[in-house]
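Student: A single structure is presented below for examination.
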Amino acid sequence: MPVPKVRAKWRPPLALIVYAVLLTVMTLPVLIVIWFRATEASANRMEPVEIVALVVVLVLTLAVAYVLTRTITGPIDALIARTDEIARGGKAAIRPLESYGTREIAVLSQSFLDLAGKLVDRTEYVRSFAAHVSHELKSPLTAIRGAAELLRDDDAERPMTKAQRLHFLDNIVADAVRLDALLQRLRELAQAETPMTEGASSVASIMALLRQRFPALDISGTGDTETSIALPEEAALIIFANLAHNALQHGATLLELKVSAEARTALILVRDDGSGISEANRDRIFQPFFSTRREEGGTGMGLGIVHAMLSSHGGTIHLRQATGGAEFEIAIPLLSQRG
């Protein structure tokens, strides 16, 4: 969608308007003095008190103009200059102004800095994401191309054995499956980055769907599992399915969900009995494309999708310390508190 442009035409600067208004106000006492002198014909020259009054009015007008310039036009001009600097310099240029003048300009500046920070972060995220996606797609595509070329260039005099041919075909199928899994994860991540329409679900309904999808897992729930949370069922299924899939990949046979409802938030503890997460990897598990099972076809996007999906619906997730397996704590607004 193209960015709408402000229609180009001459517009007076704010400083010009401020000084014009003040000068207009200043003319009032001048006109009053002229009026009285015109009605008093005997007054041949201005009295000292009149001169003093006009000087005082002039000084006060200039003082007010200086205050308005310092508190309004100055910070606005500085904010405009900072906008241009951020557009050229990126994140390094996102820093507070030296002076804000008024509370409203301070609030506006903070909102602008927050928005600029998010936009720069998003730009860096997209750049990094594109690099990771290119790398992830390149490996299986290269393998498929290599296997296909070997099959195409098979020497008629020394043909491949049936086992060799099946080996290359199996590699092509495996890499195609990996590409399909990666594209599915990308679709889920796109859904996570774009919030779905508002809806509701419960842990009890999600557990029923998880049991159908993951029959190898013993899935149980305790606590307020019937409580309605502000999470559409499709989004909730993506979140908990990724957690269940990760647990299964790490050798888990049990998945427990414990739900407790507070005044505004539902807390969901998700625990499995798998191999767990090492201390060295605890700070990296939510990074996109980080995987300890890349050789087995892991894409490293599951927990990143979970984090993005929860964030887009006002929720959070973090890894808890656990003696065995992995345990996550999810916080999501209750349905009645959403919005």
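Student: Note down the nm distance, to one decimal, between modelled labels 7 Å out along Cα→Cβ at residue 165 and at residue 283.
Tutor: 5.4 nm
Student: Mind sorting 135, 250, 307, 167 by how few other Cβ atoms lie within 10 Å of their own Cβ, fewest first?
Tutor: 135, 167, 250, 307
Student: Can you give me the long-range amide H partners of residue 227? Hydrogens built in the peptide plane at 1.01 Å from N, cutoff under 5 Å, separation of 5 or more residues or another chain.
Tutor: The list, which skips near neighbours in sequence, is 203.
Student: Residue by residue, what Karplus-based ³J(HN,Hα) values in Hz, rounded to whole numbers, does the stretch 72-82 have, using 6.51, -1.76 and 1.60 with θ = phi - 60° and x for Gly and Pro?
Tutor: For the stretch 72-82, the Karplus curve yields 10, 5, x, x, 5, 4, 5, 5, 5, 5, 5 Hz.
Student: Check which residues have an amide H placed less than 5 Å from residue 254's amide H, if you skip close sequence neighbours.
Tutor: HN-HN under 5 Å from residue 254: 218, 273.
Student: Oh, and also: Once fully extended, how much extra length lies between residue 156 and residue 58, figured as 0.36 nm per residue of separation less the alpha-carbon to alpha-carbon distance?
Tutor: 25.0 nm
Student: With θ taken as phi - 60° and the coefficients 6.51, -1.76 and 1.60, list the Karplus ³J(HN,Hα) couplings across the stretch 176-181 in order, rounded to whole Hz; mark glycine and proline as x.
Tutor: Per residue, the Karplus-derived 3J(HN,Hα) values read 5, 5, 4, 4, 4, 5 Hz.
Every number here is computed from the coordinates shown, using simple stated rules; none is lab data. This is a predicted model, so every value here is computed, not measured. Counting neighbours? That spans all protein chains shown, and the Cβs are built from the backbone with ideal geometry, glycine included.
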